[in-house]
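The values are calculated or read from the model by the stated rules, or taken from the named source; none is laboratory data. Here the structure is a predicted model, which is why all the values come from computation and not from measurement. Here the Cβ is made from the backbone with ideal geometry for all residues, glycine too, and neighbour counts use every protein chain on show.
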Amino acid sequence: MAGRLVNALGSSALAAEAFSDLATLRHMLRFEAALALAAADAGLIAKRMAPVIAKACDPSLYDPVALADAARRTATLTVPVVRALTDEVAKRDAEAAGYVHWGATSQDVIDTAMVLQLGEALPPLLKELDAIVACFASLARKHRRTPMLGRTLLQPATPIALGQKIAGWASDIARAARRLEASFKETQVVQFGGASGSLSALGEKAEPVMVSLAKRLKLELPAAPWFTQRVRVAALAQDAALVVGALAKAARDISLMMQIEVGEAAEPSGPGRGGSSTMPHKRNPVGAALVLSAAGRAPMLAATIVAAIPQEHERALGGWQAEWPTLAALIETLASAVQAMDEVAHGLTVDPDAMQANMDATEGAVLAERATFLLAEKMGKQKAGKLVEEALAKGGPFTEALGQLEKELSDEAALLGYSPKFVDRLLAELKRK
């Protein structure tokens, strides 16, 4: 994994901690401790041995660097971790050391640790997403009738309500967050199948051990091991990338609205925020930059995990081994985007005067569509279109060229069309979810 300095723009502190060496060991060893206790519950190992094994499951007792080096020689981190745990238990009780990792396989530990890491990292991000949606919804409500230029193909189009743009951000972020929450819940299942998924080493005790293990880890017990059934993981990856994309839509708009020649919005300011190393006058859209940076990475990370779905037989070679580091990078990328947009959403300011000035700068040309339809009621669309084109070709203020329509074209309610009602509909939809 890259160091914190390299990854400073690619993760949040919370997500980085969830996938840190210490957290990784903690979750792997949490599985081993729970397994020992579950085996003791079922009478597979002596009651006195389980606490000895559990006590040795302290991540601070192990060297991550040495474990990482050893992992490359076995293509799994579980082997050196279990070996180190067994040695540690042997120092306390030689007999108990023979019952470490009883009935389990490497992938049981890796997959369950991955699931537990998701359980640590994602709930706070889902809460932050709710807060982002709430901020944008409040801002959309406030600007339900604030007119601004609609823009298509990066050029001025017909006016819309600013609230519709912001409510649109909120709507898609909420939609993506709901998908992510649902797919996250589906991942919260224990992995426990033993060598090839039959748990044959546990005999008739398989059921009580499975039940106790899942209960101790506070995870659901699936119908069967999911060693090579990876749709749960892939769905979560896709939904994480969708959230990043929805956040990036808002980030892209905000960054464009922040350009000095547009000046319609601004990210929150603060000491050192948005500064340049050489140009003191600059106020860069740094939050948007972090989100857009994440949007450049997330789809490819998700694609890697989707590509790993077709895995061989009962346990795969290379497929599931590709998932864990990729998923960690994806969740850190998601966290970076969420944290950045959370700060932007809570401090975003808009400038209605600048929006009006940008509409005025078109000298009424953005009213051409409305003028065409008003005239079409009297002379048909073809003649009306020709008249409007001639008025535009004259240059200067468009409304003067079509003076007879000046009153109708200046009707603000008609100018925004159905846009304010779309704000209401989007906000009502958010309220229902």
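Name the single residue, out of those in the stretch 90-118 being part of a helix (DSSP H, G or I) and free of Cβ contacts under 8 Å to residues at least 40 places away in the same chain, that is nearest to A214 (Cα to Cα).
Of the residues in the stretch 90-118, the ones part of a helix (DSSP H, G or I) are 90-92, 94-97, 106-118.
From what is left, the residues that are free of Cβ contacts under 8 Å to residues at least 40 places away in the same chain are 90-91, 94, 97, 106.
Values: A90: 26, K91: 28, A94: 27, A97: 23, S106: 17 Å.
Once the filter is applied, the top-ranked residue is S106.
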Check L61, L35 and return the single one that is buried (at least 19 other Cβ atoms within 10 Å of the Cβ), aliphatic (A, V, I, L, M) and in contact with an Asp or Glu (Cβ under 9 Å, 6 or more places away or on another chain). L35
Of all residues in the stretch 71-104 being in contact with a His (Cβ under 8 Å, 6 or more places away or on another chain) and hydrophobic (A, V, I, L, M, F, W, C), which is farthest from A50 (Cα to Cα)? V82
Name the single residue that is farthest from P299 (Cα to Cα) among those in the stretch 229-261 being β-branched (V, I, T) and either buried (at least 19 other Cβ atoms within 10 Å of the Cβ) or modelled with pLDDT of 95 or more (or both). I254
Residue hits (the stretch 64-97; at pLDDT 95 or above, loosely packed, with under 15 Cβ neighbours inside 10 Å and acidic (D, E)) are D87, E95
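Yes or no, residue by residue, for (1) among the basic types (K, R); (2) crowded, with 24+ Cβ neighbours inside 10 Å; (3) more than 21 Å from the chain's Cα centre (by Cα):
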position	(1), (2), (3)
V109	no, yes, yes
E128	no, no, no
K142	yes, no, yes
P156	no, no, yes
P159	no, no, yes
A177	no, yes, no
T187	no, no, no
V190	no, yes, yes
S196	no, no, yes
So, first residue among the polar types (S, T, N, Q) in the stretch 289-318, second residue assigned to a helix (DSSP H, G or I), Cβ within less than 6 Å, six or more apart or across chains; the pairs are T304/T326; Q311/G319
Which condition number in (1) among the basic types (K, R); (2) within 30 Å of N358 (Cα to Cα); (3) outside any loop (DSSP other than H, G, I, E, B) is the one that R144 fails? (3)
Hits in the stretch 193-214 (condition: in contact (Cβ under 8 Å) with a residue 60 or more places away in the chain and not hydrophobic (A, V, I, L, M, F, W, C)): G193, G194, S196, G197, K205, P208, S212
Which of the numbered conditions does T76 fail, given that it passes all the others? Conditions: (1) among the β-branched types (V, I, T); (2) part of a loop (DSSP other than H, G, I, E, B); (3) under 13 Å from R26 (Cβ atoms). (3)
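Does at least one position in the stretch 291-312 carry a residue that is over 18 Å from V350 (Cα atoms), assigned by TED's automatic domain parsing to the domain that holds F19 and modelled with pLDDT under 90?
First, pick out the residues of the stretch 291-312 that are over 18 Å from V350 (Cα atoms): 291-312.
So of that shortlist, the ones also assigned by TED's automatic domain parsing to the domain that holds F19 come out as 291-312.
Filter again for modelled with pLDDT under 90, leaving none.
No, there is no match, as no residue in the stretch 291-312 is over 18 Å from V350 (Cα atoms), assigned by TED's automatic domain parsing to the domain that holds F19 and modelled with pLDDT under 90.
Of all residues in the stretch 185-237, how many are outside any loop (DSSP other than H, G, I, E, B) and at positive phi?
So the first thing to find is which residues in the stretch 185-237 are outside any loop (DSSP other than H, G, I, E, B), and the list is 185-187, 189, 200-217, 220, 231-237.
Imposing the further condition that a residue be at positive phi reduces the set to 203.
Summing the residues that are outside any loop (DSSP other than H, G, I, E, B) and at positive phi in the stretch 185-237 gives 1.
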